[in-house]
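Before any comments, here is the structure.
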Amino acid sequence: MEDGMGIQASGNYWVLESGDAAYAMGVEAGGVLVHTYWGRKLPRLSDYPAAERAKHFSADHVLQLTAQEVTTGEASASDERTLDATIAGGHLRGLVLRFESAEVGDNTLAITLRDADLNLRVVLTYGTLDQRGLFTRALSVINDGEREVKLTRVFTGAFNLPVGGEFAINHLSGRWGDEFRMNRDPMGFGTIQRDSRRVITSHGGVPYFAVDRNEPGLAASEEAGEVWFGTLQWSGNWRLIAERTRDDRGIIHLGLNDHDFAWDLQSGEAFDAPRVVYGYSANGFGAMSRAYHDLIRQDLSPRPNFVAPIVYNSWYATLFDVDQEGQTALADKAAKMGVELFVMDDGWFHGRNTDKAGLGDWWPDEVKFPKGLTPLIDAVKERGMQFGLWIEPEMVNPDSDLYRAHPDWVLHYEGRERSLMRNQSILNMGRVDVQDYLIDIFDRLLTENPIDFIKWDMNRSASEAGWPTHERDAREIWVRYVEGLYRVWGELRARHPNVIWENCCSGGGRVDLGMMALTEQSWTSDNTVPAARLLIQEGYSQLFPANTMAGWATDEERHEYPLDFRFHVSMAGALGVGGNLLDWSDEECSVAAGHLARFKEIRHLVAGGDLYRLRSAHHHAVSAFAYVARDKAEAVLFVFRVHSARLGANPAIRIAGLDPEALYAVEGSDVVRTGRAWAEIGLIPTIKNLQSQILRFTRV
Ligand code: GLA
């Protein structure tokens with residue numbers, strides 16, 4: 001076995017190791033799979049705690065205090081169940097799982113448990129991810145019996161925290177225009193619950209937890225302290241329960257949402273729950289984020305180590321009022337500025353003049369584009385840019401040919417009102433005929449036009465999520481919707497491998513590991529006000545890497561923020577431009593061109609470097625972060641000062657992540673210092689309110 005990775009086994013006891021992290025479990029004498037350890041890797045296999053039932057009082061159930069990997073209808077340290085099921089209308093409820101077999105691979109471990117009465121098999125699949133301190137965990141339920149089993153909850157697993165001590169859960173909440181809000185809540189007795197019930201993952205939060213110790217001196221910071229973390233790879237309804245039991249155990253439960261959920265598992269069928277990518281960091285939140293960033297950029301992304309082209313997007317400039325002439329005028333200015341890819345947003349397709357009509361009819365509007373998209377695409381390409389287009393496949397306006405032909409294709413309950421949001425309904429992505437229609441119409445669009453980039457939007461959440469013709473329990477919709485979405489998007493990706501796909505959901509409403517595996521980048525938020533964006537981007541960066549974080553410099557609050565500031569905020573991710581360039585003066589265009597040129601020099605660092613968050617925008621008027629090259633040869637520092645009423649001096653920004661022994665110069669100054677000195681002494685920025693700086697460090 002290589003050092004620091006893989007699976008160690010001794011009888012029915014297993015230790016997963018990745019980097020400095022370890023996760024252990026074993027089967028106790030009665031066949032129950034017991035969780036034993038999650039934390040820093042230990043020197044010897046025999047150092048890990050034995051898999052035994054915990055001592056209990058005679059009045060307790062024998063398993064009352066025993067930490068388990070999967071909690072069921074039986075007693076366990078947790079009162080929450082990972083899995084729940086009923087048969088025969090509730091005459092038998094809950095599961096009783098006992099160990100059956102295990103299979104150990106290089107980096108995988110599959111453990112089979114069985115409920116003997118129901119003849120229900122549960123397979124837990126664990127994996128270790130290289131040296132990153134990350135593990136994966138998934139779960140399948142297979143009905144080997146004769147009777148139908150109704151699954152009413154399928155979480156991916158219970159995550160048991162170390163015994164003893166106080167913990168706090170860090171999580172992300174939010175809403176439209178204010179995504180990825182950072183929260184930290186002490187885990188008091190009882191539960192903290194987070195979930196999504198509206199078919200989209202993340203406007204209200206992300207299926208993610210990062211737990212640290214909530215005791216004096218033990219709380220984690222960016223680069224120090226212990227963090228236990230995880231996130232679900234799923235793009236739909238999810239639920240997280242952070243529990244502190246009466247016996248003082250901390251346990252996190254995470255998985256598909258069981259709210260309004262049921263699944264009829266017939267004889268011979270299997271149900272797969274999405275995986276959780278989880279881990280342990282002994283070096284604070286920064287190390288956790290960098291582990292996720294690496295995983296997403298290198299392994300999950302359909303285009304490993306993606307570096308985004310600079311996009312211009314027409315939405316804020318023209319809204320629905322798009323045509324050949326207007327778009328070409330914008331493309332002209334964009335190309336001169338140095339933009340690499342021109343995206344025409346909403347408004348281009350049949351009957352789309354407002355948000356009241358057109359969704360579903362995905363061919364060019366005959367009035368706006370009488371000769372189709374070709375003349376515009378040619379005009380864009382003649383100017384040396386690639387061409388991109390906005391679509392919203394999952395949606396339909398009642399005022400569209402598609403809806404008139406297939407009113408039954410939307411989510412609805414028979415006989416009840418179909419509530420609209422933004423004047424639109426949601427197509428039932430669980431239906432195979434809907435999936436086939438979408439694959440066909442977008443395949444044609446992409447085959448007939450040389451389109452390099454698609455922005456896939458999704459602008460409402462679900463209500464009345466009914467499926468009258470479904471022959472099974474209609475509550476399966478929440479899962480079947482997402483599986484259908486993955487099928488359509490996956491199929492289009494496979495047929496058009498050169499297209500870059502941007503994930504949008506009224507901003508960051510569906511950002512999760514599932515989408516990271518399907519798309520190159522995500523539109524972070526519809527809120528492009530720079531100070532707000534700094535907060536949103538910091539929250540986003542907890543999990544998701546900068547090469548996926550699309551941001552445009554726009555005209556929002558244009559008179560509040562200098563152009564430099566607006567650009568610098570967007571240059572922290574995948575830079576784009578979204579203002580109405582026809583309104584920009586020559587001077588503004590030339591300043592913008594300078595930023596684009598500058599971004600081209602540093603974007604390899606932004607996209608591929610290690611992120612070090614140095615001062616949080618949530619807590620400080622002067623905030624800063626740096627992207628450090630993997631080989632530590634260079635780094636780029638971003639510093640922002642929003643409004644501060646204080647006259648006090650700017651703080652020194654201590655630069656983490658450089659090689660402590662190497663010497664580094666910083667641009668614009670003669671000072672050369674070791675990495676250690678930059679970390680200890682730091683750099684004092686020379687900015688005033690609403691000013692910003694981007695400074696490059698080079699090893700000398
Ligand atoms: C959503 C997106 C915007 C824009 C509009 C178009 O709000 O988040 O960027 O594409 O839809 O209708």
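The values are calculated or read from the model by the stated rules, or taken from the named source; none is laboratory data. This structure is a prediction, so every number in the text was calculated from the model and none was measured. Glycine also receives a Cβ, built like all others from the backbone with ideal geometry; neighbour counts cover every protein chain displayed. Just so you know, the surface numbers come from the protein's heavy atoms only, side chains and all, with ligands and any DNA or RNA stripped out. Shrake-Rupley method; radii C 1.70, N 1.55, O 1.52, S 1.80 Å.
Does Phe567 meet the test of being open to solvent by less than 50 Å² (accessible area, probe 1.4 Å), in a helix (DSSP H, G or I), in contact with a Lys or Arg (Cβ under 9 Å, 6 or more places away or on another chain) and of a type in the set (A, V, I, L, M, F, W, C)? Taking the combined requirement at face value, the residue satisfies it. Counting only residues that are more than 16 Å from the ligand (Cβ to nearest atom) and either open to solvent by 10 Å² or more (accessible area, probe 1.4 Å) or not assigned by TED's automatic domain parsing to the domain that holds Val499 (or both), the range 341-375 holds 9 of them. Here Ser46 fits the description: more than 31 Å from the chain's Cα centre (by Cα) and either open to solvent by 60 Å² or more (accessible area, probe 1.4 Å) or modelled with pLDDT of 95 or more (or both).
Of the set (1) among the hydroxyl-bearing types (Ser, Thr, Tyr); (2) in contact with a Phe, Trp or Tyr (Cβ under 9 Å, 6 or more places away or on another chain); (3) assigned to a loop (DSSP other than H, G, I, E, B), all apply to Tyr561 but (2). If the condition is being surrounded by 24 or more Cβ atoms within 10 Å (Cβ to Cβ) and in a helix (DSSP H, G or I), then the range 492-513 contributes only Leu513.
Determine, yes or no, whether Gly415 is of a type outside the set (Lys, Arg), surrounded by fewer than 14 Cβ atoms within 10 Å (Cβ to Cβ) and either in a loop (DSSP other than H, G, I, E, B) or under 24 Å from the mean Cα position of the chain (by Cα) (or both).
Yes.
Could you please tell me which pairs satisfy a Cβ distance under 9 Å, a separation of 6+ or placement on different chains, a first residue in the range 455-470 that is at positive phi, and a second residue that is surrounded by fewer than 19 Cβ atoms within 10 Å (Cβ to Cβ) and of a type in the set (Ser, Thr, Tyr)? Final answer for the pair search is Glu464/Tyr413; Glu464/Ser419.
Please determine, by comparing only the residues of the range 514-524 that are not polar (S, T, N, Q) and not in a loop (DSSP other than H, G, I, E, B), which one is nearest to Phe306 (Cα to Cα). Within the range 514-524, the match that is nearest to Phe306 (Cα to Cα) is Met516.
Just wondering, is there one or more residues in the range 281-293 that are in contact (Cβ under 8 Å) with a residue 60 or more places away in the chain, assigned to a strand (DSSP E or B) and either away from the ligand (no atom under 16 Å from the Cβ) or not charged (D, E, K, R) (or both)? Yes, because at least one residue in the range 281-293 is in contact (Cβ under 8 Å) with a residue 60 or more places away in the chain, assigned to a strand (DSSP E or B) and either away from the ligand (no atom under 16 Å from the Cβ) or not charged (D, E, K, R) (or both). Residues being free of Cβ contacts under 8 Å to residues at least 60 places away in the same chain and touching a Gly at 6+ places or on another chain (Cβ under 8 Å) are represented in the range 471-479 by at least one member. Taking the residues in the range 502-514 that are more than 11 Å from the ligand (Cβ to nearest atom) and of a type in the set (A, V, I, L, M, F, W, C) as candidates, determine which candidate is nearest to Gly255 (Cα to Cα). Checked the range 502-514; the qualifying residue nearest to Gly255 (Cα to Cα) is Leu513. Would you tally the residues in the range 614-636 being crowded, with 21+ Cβ neighbours inside 10 Å and either small (Gly, Ala, Ser) or under 11 Å from Ala572 (Cβ atoms) (or both)? Residues meeting the conditions: 8. Does Thr245 count as open to solvent by 20 Å² or more (accessible area, probe 1.4 Å), among the polar types (S, T, N, Q) and touching a residue at least 60 places away in the same chain (Cβ under 8 Å)? So Thr245 does not fit the description; no.
Would you be able to say whether some residue in the range 515-523 is of a type in the set (Ser, Thr, Tyr) and within 16 Å of the ligand (Cβ to nearest atom)? Yes, the range 515-523 has at least one match.
Residue-wise test of (1) part of a helix (DSSP H, G or I); (2) in contact (Cβ under 8 Å) with a residue 24 or more places away in the chain.
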residue	(1), (2)
Gly576	no, yes
Ala593	yes, yes
Phe599	yes, yes
Val606	yes, yes
Leu637	no, yes
Pro651	no, yes
Glu661	no, no
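Counting residues in the range 253-267 that are open to solvent by 10 Å² or more (accessible area, probe 1.4 Å), farther than 17 Å from Arg194 by Cα and in contact with a Gly (Cβ under 8 Å, 6 or more places away or on another chain) gives one or more. Taking the numbered list (1) open to solvent by 10 Å² or more (accessible area, probe 1.4 Å); (2) under 18 Å from Gly165 (Cα atoms); (3) under 19 Å from the mean Cα position of the chain (by Cα) in turn, Val211 passes all entries but (1). Across the range 316-340, the qualifying residues are those that are open to solvent by 50 Å² or more (accessible area, probe 1.4 Å) and within 16 Å of the ligand (Cβ to nearest atom), and the one among them that is farthest from Ile454 (Cα to Cα) is Asp321. Does the range 86-95 contain any residue that is under 30 Å from the mean Cα position of the chain (by Cα), over 26 Å from Asp248 (Cβ atoms), in the same structural domain as Leu129 (by TED's automatic domain parsing) and open to solvent by 70 Å² or more (accessible area, probe 1.4 Å)? No, there is no match, as no residue in the range 86-95 is under 30 Å from the mean Cα position of the chain (by Cα), over 26 Å from Asp248 (Cβ atoms), in the same structural domain as Leu129 (by TED's automatic domain parsing) and open to solvent by 70 Å² or more (accessible area, probe 1.4 Å).
In summary, Asp378 fulfils each of the numbered conditions (1) free of Cβ contacts under 8 Å to residues at least 12 places away in the same chain; (2) within 16 Å of the ligand (Cβ to nearest atom) with the single exception of condition (2).
Residue count for the range 388-412, restricted to those that are open to solvent by less than 10 Å² (accessible area, probe 1.4 Å) and within 16 Å of the ligand (Cβ to nearest atom): 11.
Residues in the range 319-365 that are within 23 Å of Arg383 (Cα to Cα), of a type in the set (Val, Ile, Thr) and either out of contact with any helix residue (DSSP H, G or I) (no Cβ under 6 Å at 6 or more places or on another chain) or part of a loop (DSSP other than H, G, I, E, B) (or both): 3 in all.
For the range 86-115, the tally of residues that are closer than 30 Å to Leu134 by Cβ and either in a loop (DSSP other than H, G, I, E, B) or of a type in the set (Gly, Ala, Ser) (or both) stands at 8.
Answer yes if at least one residue in the range 476-492 is more than 16 Å from the ligand (Cβ to nearest atom), in contact with a strand residue (DSSP E or B) (Cβ under 6 Å, 6 or more places away or on another chain) and either of a type in the set (Val, Ile, Thr) or under 28 Å from Ser425 (Cβ atoms) (or both), and no otherwise.
Yes: one or more hits.
For the condition in a strand (DSSP E or B), farther than 19 Å from Arg244 by Cα, at pLDDT below 95 and not hydroxyl-bearing (Ser, Thr, Tyr), Gly6 qualifies. The set of residues in the range 632-650 being of a type outside the set (A, V, I, L, M) and within 19 Å of Arg676 (Cβ to Cβ) consists of Lys632, Glu634.
The condition (being without any contact (Cβ under 8 Å) to a residue 60 or more places away in the chain and either open to solvent by 10 Å² or more (accessible area, probe 1.4 Å) or outside any loop (DSSP other than H, G, I, E, B) (or both)) is satisfied by just one residue among Pro309, Pro274, Pro304: Pro304.
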